[in-house]
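Reviewing the structure listed below.
The values are calculated or read from the model by the stated rules, or taken from the named source; none is laboratory data. Keep in mind that this is a model prediction, so the values were computed, not measured. Here Cβ is always computed from backbone atoms with ideal geometry, including for glycine, and neighbour counts include all displayed protein chains.
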Amino acid sequence: MKKALARLLSALRIAGLALAFLLGLGAGVLSFYGRGLPSTKTLEDIRPKQGTKVFDRDTVLVYEFAEEHRIIVPLLRIPKVLVDATIAIEDRGFRRHWGIDAFGYFAAFKDWAFRGKRLRGASTITQQLARNLFLTQDRTISRKLAEAVLALKIERLYSKDQILELYFNQIYYGHGAYGAETAARLYFGKPVDSLTLSQAAMIAGLPRGPSVYSPYDKPEVCLRRRSLVLNAMADMGSITREQAERAKRDSLVLKPKELRLNDAPYYVEEIRKHLEARYGANAIYQGAMTVHSTLDLGLQRIANQASENWLCKLEDQYGFRVKKRDFKPPKAESDIAKTPYLQGALLAMNPRTGHVLAMIGGRDYLVSKFNRAVQGKRQAGSSFKPFVYTAAVDNGFSPGDVFVDAPIVIEDDGSGNPWYPGNYDGKFEGPISLRKALALSKNLVAVKLIQRVGPTSVISYARKMGIRTPLPAVLSLALGSADVTLFDMVSAYGVMANRGVRVDPVMILKVMDKNGRVLEENKPYAEEVLTPQSAFMITNMLESVINGGTGFAARSMGFTRPAAGKTGTTNDYTDNWFVGFTPDLVCGVWVGFDQKKTIAKGATG
């Protein structure tokens, strides 16, 4: 009698628990329908988050703006061994249940209600998908109920294969890899459909705890987890015991862990600013847009290496106290406005198309995000002189006209004080042609020339050629006393390279949405601002700078192609410039300290 009574009481307890569970589930359903569970319409259009991919001019991936880095693949690309491994370790009843594991759910609820244990387990593949798509990772009864409701709805809307495809593209596998394809490439350097049995088993074991089972950080724990997956596969019958044991003996050979490097961080940041201003941050990081840029990634990499090598050489040559390679930024500061070491910037552009091909805004984007190629405003020194000579040539002067290179006194420099301009080398040539004066960067001739054509005329030419910063109408403008940006200087020199036609710089060719619809397409705007004859004459004069003037160092390094350009150095040697061009490329370089201090006495562009 007592035994029968005990059995009855036990049955009543189980029935009560089941009733409580069902009531709780019902309450959860009612509660969550009222506060924000995704609608059926939302569930019918599930798409894993994808960021915005930026490609270079040759459709090489440069960078991806993404909260979750993933590569979407169809289920046909997911190998059977990975599907079997995942089902074996995560949800052996996947093909039979309708979204939730009722017995597992009941056990988890019982442990929570009567033993005070944390809610754990009992999550089917469909529930994991629901949680990863729409819910938090909190282990609460309300979240578990919401997870169950969503899983049931997903099972009604999608086939088992469709659920698997969503799962393998959505789930997190650790170290920034979302989706099986991304994980396969990260850990093994191969597409997912090339995974071996042991590799598939390792990847299948990661979603339960990507950091706990990390093959990079905890290889021994990862191997034990892999063995557990292989045993589960053998138990399920998808592989034999012999296959499982052979796979267990495979060494864990991983692709070396690497940082997500971006070869053109300053370029990419300029693209991000444009996209955010036009489409919003959410569209960038979740909208799956595609951006085709004008960047030449190969040229960018060459520029990166050449620039850093040269700056390191200068640091060693002049013995600077703080060198970039020795500098350790304060840990509290992730972005330093002014670095203490020598800085540099570079911009390369095709003058005919306006396509910006390469950009360097500084030596280390992680230390300083300030873009010295676009945002930096520095005195141009003698690199500004071509605008003075352009104004002169376009108004009747010729390269052969002779000026006297001799000391002069300007009674009023614009501020009411006398000004005594001089040449940077302290020497005077006497009578000298405009061609030679420009080649040798004679300051006094430039000052006399701006006196003849007028500062306002020089400003007018600089403006229509592309200089946008404020330019004071003073005689010292001829020597580059005004602040300019490297971006503007390269754009303006492009006019000379392009026979007098100004082409606005372009960094983005096309932006497309996730469906391939074109959102934006940029075609260069072109306008003739100089006569072809004037452009030819000033270009010919600037060739003399390279062939025998202040820019001859380029020839001494073995550069033999036809080229023109101009060096520039400020009076106190704080800024060094060179802007040069060939018929199909214009490139500008700036070197200096952020604090505007002297680089070295006598250092010239």
*asked:* Out of everything in segment 302-352 that is among the aromatic types (F, W, Y) and either surrounded by 15 or more Cβ atoms within 10 Å (Cβ to Cβ) or assigned to a helix (DSSP H, G or I) (or both), what residue ends up being modelled with the lowest pLDDT?
replied: F320
*asked:* Exactly one of these conditions fails for F428: (1) over 30 Å from L357 (Cα atoms); (2) touching a residue at least 40 places away in the same chain (Cβ under 8 Å); (3) of a type outside the set (K, R); (4) assigned to a loop (DSSP other than H, G, I, E, B). Give me its number.
replied: (2)
*Restricting segment 519-555 to residues that are surrounded by fewer than 18 Cβ atoms within 10 Å (Cβ to Cβ) and hydroxyl-bearing (S, T, Y), the residue that is modelled with the lowest pLDDT*: Y525
*Quick one: in segment 285-301, which of the residues that are assigned to a helix (DSSP H, G or I) and modelled with pLDDT under 95 is surrounded by the fewest Cβ atoms within 10 Å (Cβ to Cβ)?*
Q286
_Looking at segment 192-224 only, could you name the residues that are surrounded by fewer than 21 Cβ atoms within 10 Å (Cβ to Cβ) and among the hydroxyl-bearing types (S, T, Y)?_
S194, T196, S211, S214, Y216
_Looking only at segment 407-438, and only at residues there that are out of contact with any Pro (no Cβ under 9 Å at 6 or more places or on another chain) and small (G, A, S), the one that is modelled with the lowest pLDDT_ = S415
_Looking at segment 448-472, I want the residues that are farther than 13 Å from T485 by Cα and have a partner that is acidic (D, E) with Cβ atoms under 8 Å, at least 6 apart or on another chain. Which pairs are those?_
Y461/D394
_Being among the hydroxyl-bearing types (S, T, Y) and touching a His at 6+ places or on another chain (Cβ under 8 Å) is true for just one of T182, T240. Which residue is that?_
T182
*In segment 391-429, which residue that is surrounded by 17 or more Cβ atoms within 10 Å (Cβ to Cβ) and touching a Phe, Trp or Tyr at 6+ places or on another chain (Cβ under 6 Å) is nearest to T456 (Cα to Cα)?*
A391
*Those residues that are modelled with pLDDT under 95 and either in a helix (DSSP H, G or I) or surrounded by 15 or more Cβ atoms within 10 Å (Cβ to Cβ) (or both), I need them from segment 260-278; list them, please.*
N262
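Let's see how each residue does on (1) of a type in the set (F, W, Y); (2) part of a helix (DSSP H, G or I):
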site: A184; (1), (2): no, yes
site: Y187; (1), (2): yes, yes
site: I203; (1), (2): no, yes
site: S214; (1), (2): no, no
site: L228; (1), (2): no, yes
site: Q243; (1), (2): no, yes
site: R246; (1), (2): no, yes
*Please find, within segment 127-146, the residue that is nearest to R95 (Cα to Cα) out of those that are at pLDDT below 80 and charged (D, E, K, R).*
K144
_Condition check for E64: touching a Phe, Trp or Tyr at 6+ places or on another chain (Cβ under 6 Å) and either farther than 29 Å from Q199 by Cα or at pLDDT 85 or above (or both)_ = no
